[in-house]
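What follows is a single structure, written as structure tokens, with notes after it.
The values are calculated or read from the model by the stated rules, or taken from the named source; none is laboratory data. Being a predicted model, the structure only gives us computed values, none of them experimental. So basically every Cβ, Gly included, is an ideal-geometry build from the backbone, and we count neighbours across all protein chains shown. SASA here: full protein model, heavy atoms, side chains in, ligands and nucleic acids out. Shrake-Rupley method; radii C 1.70, N 1.55, O 1.52, S 1.80 Å.
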Amino acid sequence: MKDTYLSLVNGPLKQVAKSLGLPQPVELNRFDSTPEEYLNRPVLVLGAGDGAQGLADLLLDNGLEVRRNAQTGEKVRAVIAVLDDAQSPTDLSPIVLEVGAALRSLVPSGRVITISTAPGAGDQSPEQAAAIQGITGFTRSLAHEMRAGATANGILLDGVDLTAPSVASALWFLLSGKSAYVSGQFLTVASDAGDRLDLKAFMSTGAAGPLAGRSAVVTGAARGIGAAIARNLARDGAEVIGVDMPQAGQALAAVMNEIGGKSLQLDITGADAAEEIAEAVGAPVDILVHNAGITRDKMLANMDSSRWDSVIAVNIAAQAKINAHLAEAGLFANGAQVVSLASTSGIAGNRGQTNYATSKAGVIGLTAASAQDFASRGGSINAVAPGFIETDMTAKMPTLTRQVARRLSSLQQGGHPIDVAEAISFLASSGARGINGQTLRVCGQNMVGA
Ligand code: NAD
């Protein structure tokens, strides 16, 4: 649904909004709307250690303009602060203050990315742990301060160094328009698994795309976020098999015809769902996106068993069963990657949604607990938790509630289905296999559960 307020404050009401101190969301630079001029701007890499120099070299090797010091009057597209060598909270000041000084040079939809050791990784002295945890507080707070569509996110190194393949993929994702609606979040790289994708391969599409040669099953692909996921996986080169209820067969066929995909009419709660999915793929399952989900909201005092049970059955029990059946029957390919849809309601809880929040928190738990099993096949399993996304579901909200919900994020607007789809394509890519068992929020740093 169109965000009329966003159009107005970027048009006739710009000055009024400014003088009244009203929220001033801007159109975000997404993958297909990022101007060439933005891409040609330099990236400022801050940090005194070998890690920062190695990272600057990686960016140079990938054709980016790199600066190691801010140049007076020059605009940059991103500031990367490499803080992997922080030993004490007092070590942080030179670099974080340099980040602060560089903020005015950041173009709209610019990026700040911190790179640091993951809290709890390896042996850390109390002082070092304070510095490491401190960086997460810094990044999250800075994300709240960003303006004009700019974001701040972090990459956390858990037992790996900056040369791990997934560090590069995480960087390409966070630097690009693919992460337009991700802010205040962290991607933890915990292994050297995965392919080393260069920036060009990461940004390519179709037969040269990062998912070329792989099959991808998407449940609930007939509409909304699922249709966007299917289109995006196909854009990145995957052969898509869309799954949806028989009642949604026509809409599913329309989406699959558009992207040259294959339709599978199936209720995912059915006893043989896993086998039917594997049969439709015709080979071991490579990429599986558990997107199908329902809401049946009621306050718990009025909750009946059909509302509770149906939400649990579709949103979590079916996912758990399909994963288990495919794994037991050896129907996951080597390197198989699964991405599931959680929700910020599963993190923060939501009034009237005890059933939904239980199921979505369950997705987060299932994902974390399955990581080791997927790693043993060389793959990964992760979840994406969308916040307020402009879909048919949110279009039905009362106008005022919808307006408030949109402005509750640091980016002061709702996300688009494509924003969720981009995170899923990234987590399903071979370059992201070192990221495993995590839940990435795509919520514009929504205050809910922040
Ligand atoms: P939607 O209702 O528009 O689409 C869901 C699709 O899943 C439909 O096509 C439906 O037919 C299908 N489906 C439902 N039950 C099924 C079953 N048993 N078997 C097969 N297919 C089934 O929903 P959406 O807004 O696009 O949301 C997609 C996912 O994202 C859901 O898991 C939802 O919980 C999650 N999510 C959405 C938002 C949002 O703002 N829209 C926010 C957080 C999380």
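Things to note:
- Number of positions in region 221-237 that are open to solvent by 10 Å² or more (accessible area, probe 1.4 Å), under 18 Å from the mean Cα position of the chain (by Cα) and more than 7 Å from the ligand (Cβ to nearest atom): 4
- Residue tally, condition surrounded by 13 or more Cβ atoms within 10 Å (Cβ to Cβ) and among the small types (Gly, Ala, Ser), over region 57-78: 2
- When region 386-429 is filtered for residues that are open to solvent by 10 Å² or more (accessible area, probe 1.4 Å), farther than 20 Å from residue 356 by Cα and among the β-branched types (Val, Ile, Thr), the ones remaining, listed by number, are 399, 404, 418.
- Among the criteria (1) open to solvent by 10 Å² or more (accessible area, probe 1.4 Å); (2) among the hydrophobic types (A, V, I, L, M, F, W, C); (3) under 30 Å from residue 4 (Cβ atoms), the one residue 443 does not fulfil is (1).
- Test set (1) assigned by TED's automatic domain parsing to the domain that holds residue 54; (2) open to solvent by 10 Å² or more (accessible area, probe 1.4 Å); (3) of a type outside the set (Asp, Glu) - residue 164 fails condition number: (2)
- Sole residue being more than 13 Å from the ligand (Cβ to nearest atom) and β-branched (Val, Ile, Thr), chosen from 240, 289, 255, 218: 240
- Verdict on residue 183 being hydroxyl-bearing (Ser, Thr, Tyr), under 30 Å from residue 141 (Cβ atoms), open to solvent by less than 10 Å² (accessible area, probe 1.4 Å) and not in a loop (DSSP other than H, G, I, E, B): no
- Any chance residue 129 is within 19 Å of the chain's Cα centre (by Cα), in the same structural domain as residue 53 (by TED's automatic domain parsing) and either open to solvent by less than 30 Å² (accessible area, probe 1.4 Å) or at pLDDT 95 or above (or both): no
- In region 1-56, residue most open to solvent (accessible area, probe 1.4 Å) [restricted to those that are of a type in the set (S, T, N, Q) and outside any loop (DSSP other than H, G, I, E, B)]: 15
- Which numbered condition residue 253 misses (of (1) touching a helix residue (DSSP H, G or I) at 6+ places or on another chain (Cβ under 7 Å); (2) of a type in the set (Gly, Ala, Ser); (3) closer than 27 Å to residue 415 by Cα): (1)
- Some residue of region 360-380 being at pLDDT below 95 and within 16 Å of the ligand (Cβ to nearest atom): no
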